[in-house]
Amino acid sequence: MAFKNGMSLFWALYAFFFAVPFPMFLYYSIYYSGGQRLVSTLSAPYWALVYLALSVVLWSWLLARYFGQWFIAPARELRQMNQLLRTGEIRDAEVVASRTVGKPERNRRRLEVTFRFNNLSGVPIQETLPVVDMRPQLGRFDVGQRLRLRIDESLAKSRVIVIDGSEFQPDTTRRLIVFLGWMGLLGLVAAYYLLSYRYEHQGTGWRFLTYFHPLLICPLALLGLRWLMNGGLGRFFLNDKTAVQLKYRGRRAVARLLEAKQTGTYINEQPQVRFELEYEDSRGTTHRTSCKKIVSLLGMDITRAETIPIFYLADQPQTVAFATDLDQTE
């Protein structure tokens, strides 16, 4: 999904600055502006131990989450994709778009290929998948070519669709680099504890720790960013699991727009709009529902449209999403 893929590199670095360097700058400029820390700014011994324990817990939690995301999750996804090749529901697909990504390598091309096929409810949809074409001379991914896809009927895995006949192998070089990077991060955290104690304790033990110390604030900020981007903003965006269900199991309908009203919430200065919709399902039953969507200022024409194509779940008719939003997901 577009949102699941994460922030751009710029925004990731921007967020990292406010989570790590900025708290450090504030802390040391406030507590050590005169070169010597005042005794009055030290924590009580009891609170110092509380802050130390809490910081260790937060850093351990953060590092465990990073290890799972960077090292364990890719290995689990690889196993799931190989299983999907054996057990997935087969769907015939047509290539409707194909473009090269990056520089061509010897005897292989990296592509982004858009397929058109029927979802689990028999509704035509499109999906774009990354492909490493090991035999480009065959032209298997040229526009108009037909292939077979396999879909996870449970829609419970992190990857719900693969190209039939694909080969998935672990990238041992990448896994080694990721592991070494994680170990380097662990070393940096341990080194920061040692350096902080050496240069800040001044014979008072861990009393230099306060609720504002970077050893406490930095992991808290980084965990907060993970929550914000992976779940905390979910109320403003279509949940990834719901979007997968709608796209791969949902049915299409054309909804009548009854009302569009701003909720007062803004994300990056883009307003959130509540749409009141009415549509008929495949059985002819009329449903009235609503959904929220962040609308670009350049795309406000949608609030004045008479009808909007949507996807809905047959067993949950109140769960809907705009077809254009699902077409943009990957």
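What the phi angles of segment 298-315 give under the Karplus curve with 6.51, -1.76 and 1.60, with θ = phi - 60°, is a coupling list of 7, x, 5, 4, 4, 6, 10, 6, 7, 9, 9, x, 9, 10, 9, 9, 4, 8 Hz, glycine and proline written as x. Counting Cα-Cα pairs of the chain in 20 Å increments starting at 0 gives whole-percent bin shares of 23, 45, 26, 5.
Computed from backbone phi, the HN-Hα couplings of segment 156-173 come to 9, 8, 5, 10, 9, 8, 9, 7, 4, x, 5, 10, 10, 10, x, 8, 5, 5 Hz, rounded to whole numbers (Karplus: 6.51 cos²θ - 1.76 cosθ + 1.60, θ = phi - 60°; Gly and Pro given as x). Could you grab the relative contact order for the chain? Cα pairs under 8 Å, six or more apart, rounded to a whole percent. Result for the chain is 19 percent. With everything on Cα atoms, drop me the angle between helix 21-31 and the longest principal axis of the chain, reported from 0 to 90° to the nearest 10. With both axes taken from Cα atoms, the answer is about 20 degrees. Give me the tail of P(r) for segment 61-134 as a percent: Cα-Cα pairs with distance above 22 Å. I get 48 percent for the Cα pairs in segment 61-134 exceeding 22 Å.
Per residue, the Cα convex hull of segment 17-63 amounts to 84 Å³.
Potential lengthening of the chain between Phe17 and Leu85 amounts to 20.3 nm, from the contour at 0.36 nm per residue minus the alpha-carbon distance. May I ask for the longest run of the chain untouched by trypsin sites (Lys or Arg not before Pro) that are loop-located per DSSP and have at most 11 neighbouring C-beta atoms (other than their own) within 10 Å? In the chain, the maximal stretch lacking such sites is 107-234. Beyond 28 Å in Cα-Cα separation lie the following of the pairs Lys241/Lys261; Lys241/Lys292; Lys157/Lys261; Lys247/Lys293: Lys157/Lys261.
FRET efficiency for the pair Phe212 and Glu77, taken as 1/(1 + (r/R0)^6) with r the Cβ-Cβ distance and R0 = 30 Å, rounds to 0.15. Partner aspartates and glutamates whose Cα lies under 20 Å from the Cα of Lys103, excluding those fewer than 8 positions away in the same chain, are identified as Glu112, Asp133, Asp142, Asp171.
Distance between the C-alpha centres of segment 63-77 and segment 280-321: 36 Å, rounded to the whole angstrom.
For segment 135-149, 3J(HN,Hα) computed residue by residue from phi via the Karplus equation (6.51, -1.76, 1.60; θ = phi - 60°) reads 10, x, 5, 7, x, 5, 10, 6, 4, x, 5, 10, 9, 10, 10 Hz, glycine and proline entered as x.
Per-residue extension of 0.36 nm, minus the Cα-Cα distance of Ala97 and Val143, leaves a gain of 16.0 nm for this segment. Evaluate E = 1/(1 + (r/R0)^6) for Val123 and Arg304, where r is the Cβ-Cβ distance and R0 equals 30 Å; express this FRET efficiency to the nearest 0.05. The formula returns an efficiency of 0.65 here. Evaluate the Debye formula for segment 253-302 with equal point scatterers sitting on the alpha carbons, no solvent, and hand back log10 of I(q)/I(0) at q = 0.15 Å⁻¹, in q order, two decimals. Here the Debye-derived log intensity ratios amount to -0.45.
If you plug the beta carbon distance of Glu278 and Arg37 into 1/(1 + (r/R0)^6) with R0 = 56 Å, you get a FRET efficiency near 0.30. Ellipticity at 222 nm from helices only: DSSP H runs of n ≥ 4 in the chain, each -39500 (n - 2.57), divided by the residue count, give -11500 deg cm²/dmol.
The amide H of Val162, built 1.01 Å from its N in the peptide plane, has Arg150 as neighbours under 5 Å, considering only residues 5 or more places off or on other chains.
Only the coordinates and a few stated rules stand behind these numbers; no lab work does. Since we're looking at a predicted model, the values are computed, not measured. No Cβ is skipped: glycine too gets one built from the backbone with ideal geometry, and neighbour counts run over all protein chains shown.
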